[in-house]
Every structure is written in C-alpha cells, then in structure tokens.
Amino acid sequence: MAAKTLYDKLWDSHLVRQQEDGSCLIYIDRHLLHEVTSPQAFEGLRMAGRQPWRLDTNLATPDHNVPTTKQERSVGVDGIEDPVSKIQVVTLDDNCDEFGITEFKMQDERQGIVHVVGPEQGATLPGMTVVCGDSHTATHGALGALAHGIGTSEVEHVLATQCLIQKKSKNMLVRVDGKLGKGVTSKDVVLAIIGEIGTAGGTGYAIEFAGKVFEDMSMEGRMTVCNMAIEGGARVGMVAVDQTTIDYVKGRPYAPKGEHWEMAVANWQNLHSDDDAEFDHVVVLDGSKIAPQVTWGTSPEMVLPVSAQVPNPKSEKDEGKAASISRALEYMGLEGDQAITSIKLDRVFIGSCTNSRIEDLRAAAAVVEGRQVAASLKQALVVPGSGLVKQQAEAEGLDKIFVAAGLEWREPGCSMCLAMNADKLGAGEHCASTSNRNFEGRQGFGGRTHLVSPAMAAAAAIAGHFVDVREMI
Amino acid sequence: MQAFTQLTGVVAPLDRANVDTDMIIPKQFLKSIKRSGFGPNLFDELRYLDEGQPDADNSQRPLNPDFILNQARYAGTRILLARDNFGCGSSREHAPWALMDFGIRCVIAPSFADIFYNNCFKNGILPITLLDDDVDALFEQTFATEGFALTIDLEAGFIKGAKGNDIAFSVDAFRRHCLLNGLDDIGLTLEQSDFIKHYEQKRQAQTPWLFGA
C-alpha cells in the first residue's frame, strides 16, 4: 500500500463517495457553531423545511459578540448593551432550542471561544473531521483532526447532510527542527513560519507541522500554531497524534470512556504520516534561530524579530512590494527603518482563539508578576478563552497577578480580536495583541494591530513599547 | 441560487494584493442575521471617510473620492479586477453576499484565498483565476479605456472584449455545473442519502465513540 500523509489518512477515512467529476463527499464528525455565521444557515433550513441530519455532532456557543465586563455579563443576555449584538446571541439561543442542538449559553461556565471550548471539552478528538463557520477552525488540527473553516452555506450543508462537497488539497510539510530558546513560544514559531511562506504560501495546501519543536510542544502551543495556518493561506493545519495528544484528551467530558477509550487510543496510534510519505511541498525552519516576533504591517506576513527595524520601501527593489510596504507604513503610522522596540503602545490585548488558554495566561502572568503596567498605556486587557480557563486561572491566582499589575481581568469571549463587542481600538491607536490578524480596521476603525505572543504582549504592557521579553525573564 | 451563464459589465480595478474579507465587509456589519442588504457597506472603510455603523444612513456619509467604486467611470460595475490572494482572512460569507448585493457577479484575480473562492460559488458569483500577465493586461486596459467592459461566458469558458484574443479560463466541472444551472447543492447531496447512511453504518462499527456521545 502506498505511503500516506496524515492528511491522506484523515481524508480517506471520511470519504463517503467520489463523483466522476472528481468532487468528493466528505463526512463531518463534529460541527461547531457560533452566533455570527449560523443565523442564515438555520433560516435556510427552515425555508427548505429541512432538519439537522444528526444532532449529536453539533455543539454551539456564543463568542464573537459577547461582552466581557462582569457588569454586562452578570445579568445574562439582557446585559448585552449593543442591541444588534444581542439579537445575534438571542438568535443562536433560539435556533439551538428550536432544533435541539447542545449549546453552552452565555451564562454557562463552559461557554467560551468555540476553538478553546471544543478541545477543552474533548468535543474535538483525534481522527475527527471538524468544521465551523470560522476560519480559525484549523486550531483543532492540533489534535490530529482534519479541521477547517467553512462559510454559512456550508454550515447549512453540514447541518442538513452531515457532509461537505470537497476537493482534496495538496500536502505541505512544515518541519521546525531543533529547540526553541527561552522566551520563544509557539506564537513566535507560527509568525516566523508565515513570515517565511507568506500569507498565500499555504493556499491550496493542507499543512502538517512536524519536527522536534512540535514534538516538544504542549497541546496549547500546537493549537496556537494550527490556529494560524489560515494566516499562511492554508485552510487546514495539523499535528500528528502522540502521547502528548492522548494525555491531553483523556478524561475530558466528551472524550470516549472505558472500552471505547481503549479502542480509540488504538485507532489514534495510526494518525501520523508514514515515514516514506511524500509531500507536494516541504518547508524547513531551524527552531533555535527563531526570536520573539512582532508584526509591523497590515498583513500577518509583515513580521520581523523584535530586534529588527521596520522595512524601508526605498530599499525594496520590487515596485509592487515597495508600494505595499508604503501603504502599510502609512496606515500603521510608522517610518521606514524605525526600530520595532521604538513603537509605543496605547493598548494591550491578551486573548483570542490563538492565545487565551491557560498556558498563555501563565506565560503572561509570569512576566507581569511584581511589575506595573506603563502609565502611558490606556488599557491592558486579559480575556480568558472560556469560563473553565477563567476558573483555572483564578484557582492559580493569575487573575490577582494581572489586576495587581494594572491589567483588566475579563469574562471569556473573542473580545478585541475582532471588536464585534465593545472592546476595540480607537483610530490611530497601537495595540500589542495576541490575536491572529493585523488587517486594517480589524480591532477597530483605524486601529493599528501588532501581533505578538502572550509573553511579548505582557512585556510590552510593562514597558509601554515593544521590548525583547528575553531581557525580562 | 441565481444561475450564472453569461455576464457583460463594466470592469472596476482594485489594484492591491491581499484584499482581506475584513476589508470587503467590516465586522460591525456581520451582526445582521440576514443574507441581504450588505451592498451599501461593501469595502466600507475604503469607500467612506468615516466609520460605518450597521444602522447608519449611508447616503449621508462622506465618500472617499479616490476609491474606484465612487468614481463615475466605474458606475454600474459588474466585474471586479483584483490582485493576488483576494478574499484572504475570515470565512465570513458576508463577503460574497456584499459583492452580490452591490451587483458584482464576477471577480478576476491571479489568485484567491481558498474559503472565499469556495463561498463565491455558493452564491452565484464567479471567481476567475488568470495568469499574472493576463491580469496585468486587463488592468492596463481598464485604466486606459473609460467604460471598459468585458463579457464573461461561463458556458464557453471565455472572457471576451479584451484586446487581442479572447481569454480562456477554467472552472472545476462540478462548480461550473452548479453555477450554470443555479443548483442548490444541499439538494444534490441529499440525493446521495443512501451512500451517507451506508458510510455511517460502517463508521459506527469502526469508531463507535463518535456516535451517540
């Protein structure tokens, strides 16, 4: 039998039928829903008189629009001050109630960002196909699952048929060898990868992340990397199953139990690429050479080590690239050749589906402990990824460390990653953000986003500008 | 879904790479629970000089005169000419809904982001991938000729109206079939229900923990 990649294996085991024209019907094991991309899909079902094909594969939670202040959250949905946001959250509640779909509602302690909640609950498992109407669904590939984002029409398609019509992607291997230096985290790894391949480098590919750096990485770290596969253009990012994966999944509420657990673990042992499997494209990085990263522009590929200087369009020979650098610098209010450490910050955001898990909060707390947020900063937010992450952090006393240092400790949700709730940047404000996109206006109209790791965001909060976190730990 | 067979229309040139879906339709408009009405906010941050709000009267807002869709020569555009990696970022289907609502039914670019590309076909929009040189030539002609228009013939697989020869393009057979006939692909998939049920039985025997949890 021909050697297979992890992606080949996951694809083959979910192939319902291949049509003569090459399009494939792929079976979906887990469908996650949130309030932004699902209302029109439910409406579509109603208009066509259709019912969900299989209820038990669906799991919903509101995340994008939910407020993160205690005050608004304490009174439940009625506490959402923005009436338009409120309608969207209420609509999700109503749709889940009407169709019988399990939902962790806003007041449920299990509520949170859908990509934090899935793995945390054991609702996303190795070997599954996982989809959600959100491009950061690749996160779940960290568990050795085939996971990707879909649009609303496909949300409706999965609800109605449990399948998607797909074409197979090509295989890409991103191998990061060696050992990461102190203070260098999974976020720096994925930003460095995107800097290398570009935001369209993974278009048309499913990326498998492998190598010593990933073998050594925690599940939380693997999720951070897979989460941002889409920022490298790939819908799918994944990591092979190993003991770290199995230890992470064991005992979670939705994970298999007893005899099924033994069967599942035996099945999952095969979820890795065969030794002689061939990839269409291979990228290799040396992990020991990766430094803490900071994005300076308006695309995730506009990223450099913290010690670097912002590029100067005058030094760029390619006309198109020079124009794109100029445009980005103008939007970001930066000068060519300016040191990244000279960029002053107005706000800091620690959170999002990329970096709001317990390990992220621990890393940030370790940096701010016993220090004070710079007086020049308008706000520093810490937004845990789920109610359970929040509980865990509080049990460890992290909330007290943040508050003592002058950061705000909030309720779980997507928050300032995309500013669909009240947490947003003002025009012209610079933000050190642990989120995933630095597009124009992403965190608020005219806002200027710099993507960094939680440790780097925490260090920037203390200094009021970017600093190399390695000098602080 | 509205079928797409032939389209003739004015071409508008959006001369920048990596146009993301946040740019196509900013987040504050995603709070709608409908599929329609996004057209006035297509490219909101490029098109207007102030910050858009879901309930604002867009006709009263200050326009950015430098943006193509505000220029008389591109009025009534049906075809958007774009650069590499168009539609990158979020999976929001509000992006093609906004294009459609505005009247744009075809986007031509050297490359598209995967999810956006797929979302277009679900909404009667045809994304066409052409070689860099062909796209460059179309940009030149669009800038050079006021009212420059093209005819897209999906059935034949040709773009007509450009200088020189007609430009051939190809689209995956299944997507082409659905677009030409305006087919609802949920209905098509449900015709294969027996195959899905058969798969489920087999899968349940192999991986029982994935069922009825």
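The values are calculated or read from the model by the stated rules, or taken from the named source; none is laboratory data. These numbers come from a predicted model, not from an experiment. Neighbour counts run over all protein chains shown; Cβ positions are idealised from the backbone, glycine included. What goes into the accessible areas is simple: the full protein's heavy atoms, side chains included, and nothing from ligands, DNA or RNA. Shrake-Rupley method; radii C 1.70, N 1.55, O 1.52, S 1.80 Å.
Each residue in the range A:427-442 was checked for being farther than 16 Å from residue B:52 by Cβ and over 15 Å from the mean Cα position of the chain (by Cα), and 5 of them qualify. The single residue among A:220, A:215 that is under 15 Å from the mean Cα position of the chain (by Cα), closer than 22 Å to residue A:272 by Cα, open to solvent by 30 Å² or more (accessible area, probe 1.4 Å) and not small (Gly, Ala, Ser) turns out to be A:220. Annotation: of all residues in the range A:247-300 being acidic (Asp, Glu) and more than 30 Å from residue A:122 (Cβ to Cβ), the one that is least open to solvent (accessible area, probe 1.4 Å) is A:286. Residues of the range B:160-209 being in contact (Cβ under 8 Å) with a residue 60 or more places away in the chain and in a helix (DSSP H, G or I), which ones? B:178, B:179, B:180, B:181, B:185 - these are the residues of the range B:160-209 that are in contact (Cβ under 8 Å) with a residue 60 or more places away in the chain and in a helix (DSSP H, G or I).
Here residue B:148 passes the criteria (1) within 25 Å of residue B:88 (Cα to Cα); (2) among the aromatic types (Phe, Trp, Tyr); (3) open to solvent by less than 50 Å² (accessible area, probe 1.4 Å); (4) modelled with pLDDT of 95 or more except the one numbered (1). Set side by side, the residues A:188, A:286, A:274 differ, and just one is of a type in the set (D, E, K, R) and more than 28 Å from residue B:89 (Cα to Cα), which is A:274. At least 3 residues being modelled with pLDDT under 95, basic (Lys, Arg) and out of contact with any Leu (no Cβ under 6 Å at 6 or more places or on another chain) is the threshold, and among the helices (runs of 4 or more DSSP H) wholly inside the range B:42-123 not one reaches it. Counting just the residues of the range A:15-53 that are at the interface with chain B (Cβ under 10 Å from one of its Cβ atoms) and among the charged types (D, E, K, R), which one comes out surrounded by the most Cβ atoms within 10 Å (Cβ to Cβ)? Only one residue tops the list, namely A:35. Scanning the range B:163-213 for residues that are open to solvent by 60 Å² or more (accessible area, probe 1.4 Å), hydrophobic (A, V, I, L, M, F, W, C) and more than 7 Å from chain A (Cβ to nearest Cβ) yields B:168, B:205.
Report yes if some residue within the range B:46-57 is over 20 Å from residue A:86 (Cβ atoms), open to solvent by 40 Å² or more (accessible area, probe 1.4 Å) and facing another protein chain (nearest Cβ under 10 Å); otherwise report no. Yes. Checked against the criterion of being in contact with an Asp or Glu (Cβ under 6 Å, 6 or more places away or on another chain) and among the β-branched types (Val, Ile, Thr), the range A:301-313 has at least one qualifying residue.
The set of residues in the range A:355-409 that are in a loop (DSSP other than H, G, I, E, B) and surrounded by fewer than 19 Cβ atoms within 10 Å (Cβ to Cβ) comprises A:369, A:370, A:371, A:372, A:374, A:375, A:376, A:378, A:396, A:397, A:406.
Where helices (runs of 4 or more DSSP H) fall wholly inside the range A:54-167, the ranges with 2 or more residues that are open to solvent by 10 Å² or more (accessible area, probe 1.4 Å), of a type in the set (Val, Ile, Thr) and within 13 Å of chain B (Cβ to nearest Cβ) are A:83-99. Scanning the range A:174-212 for residues that are in a helix (DSSP H, G or I), open to solvent by 20 Å² or more (accessible area, probe 1.4 Å) and under 29 Å from residue B:17 (Cβ atoms) yields A:195, A:196, A:197. Within the range B:3-36, being within 13 Å of chain A (Cβ to nearest Cβ) and either among the polar types (S, T, N, Q) or open to solvent by 50 Å² or more (accessible area, probe 1.4 Å) (or both) holds for B:15, B:17, B:18, B:21, B:28, B:32, B:33, B:34, B:35, B:36.
Any residue that is open to solvent by 40 Å² or more (accessible area, probe 1.4 Å) and within 25 Å of residue B:1 (Cα to Cα) - is there at least one of those in the range B:127-141? Checking the range B:127-141: at least one residue is open to solvent by 40 Å² or more (accessible area, probe 1.4 Å) and within 25 Å of residue B:1 (Cα to Cα).
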